[in-house]
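Visitor: A single structure is presented below for examination.
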């Protein structure tokens, strides 16, 4: 028989293993099982979170998809209705220009329409039939020179007053003037009459006992010369 040689370390390990009580071994195995279970539980939790996130994404995508479909459907229905309206033979657009007003008007009404940023050449492209018939039946010019500076508020108030911006006071959409008491900064929503000079056309009309109304015209909500239009003042413009 061959002799088996053991080293000191091996002998010590064997002695420790032999002297180790069975309960200690069971405790180590239990710890190992718990660690494995914790890892499995963590993986399952992560998998559950991923599944929940995917479900939420699917629900959101489905909602957007239905919303787009409904919008497209509404747009199609609207386009059919618009097309039928445009092709109608009874539209006022297809009628001849009337040279006289109806009997309910003692004086012919004047309607001033402004399209901010609307190039004059757009009217000749046959894309705006309503504006075209209004221009043909009313008064119009091929184009209009803007006042300097070519901003919305200076030019609209110039049309309303017949004055250049340096005379009617509104020289920009936003301004600063240290001489205006308690209101040195002008913004588009400013209704302080200290900034607005001249006499707008609606004031002239009302001074002559006629009715005037404006909607969203710069300066129309300002009590210029202490006067404001006599319509529902709860409407801001």
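Only the coordinates and a few stated rules stand behind these numbers; no lab work does. Just so it is clear, the structure is predicted and the values come from calculations on it, not from any experiment. Here the Cβ is made from the backbone with ideal geometry for all residues, glycine too, and neighbour counts use every protein chain on show.
Visitor: Post the alpha-carbon centroid distance, the range 110-164 to the range 27-61, in whole angstrom.
Guide: About 68 Å separates the Cα centre of the range 110-164 from the one of the range 27-61.
Visitor: Which FRET efficiency value, to the nearest 0.05, is calculated for residue 31 and residue 54 with the Förster distance at 45 angstrom and r the Cβ-Cβ distance? Let's see the in-between values first.
Guide: Values: r = 35 Å, r/R0 = 0.78.
Rounded to the nearest 0.05, the efficiency is 0.80.
Visitor: Along the Cα→Cβ direction, 7 angstrom out, place labels at residue 140 and residue 194. What is the inter-label distance in nm?
Guide: With each label placed 7 Å out from Cα toward Cβ, I get 4.3 nm.
Visitor: Could you tell me what % of all Cα pairs in the range 133-179 have separations over 12 Å? Write out the running numbers ahead of the final one.
Guide: Details: 701 of 1081 pairs.
The share of Cα pairs beyond 12 Å in the range 133-179 comes to 65 percent.
Visitor: Treat the count of other C-beta atoms within 10 Å as a stand-in for reagent exposure and order 140, 156, 168, 96 from fewest to most.
Guide: Working: 140 14, 156 20, 168 23, 96 7.
Arranged by neighbour count, lowest to highest, 140, 156, 168, 96 become 96, 140, 156, 168.
Visitor: Please list 116-126, 191-201 highest first by mean number of surrounding beta-carbon atoms within 10 Å per residue. Before the final figure, lay out each step's value.
Guide: Values: 116-126: 10.3, 191-201: 17.7.
By packing density, highest mean first, the sequence is 191-201, 116-126.
Visitor: Indicate the gyration tensor shape class of the range 90-215 (rounded, prolate or oblate), computed on the Cα atoms with a ≥ b ≥ c the square roots of the eigenvalues: a/c under 1.5 is rounded; otherwise a/b larger than b/c is prolate and the rest oblate.
Guide: Here the range 90-215 falls in the oblate category.
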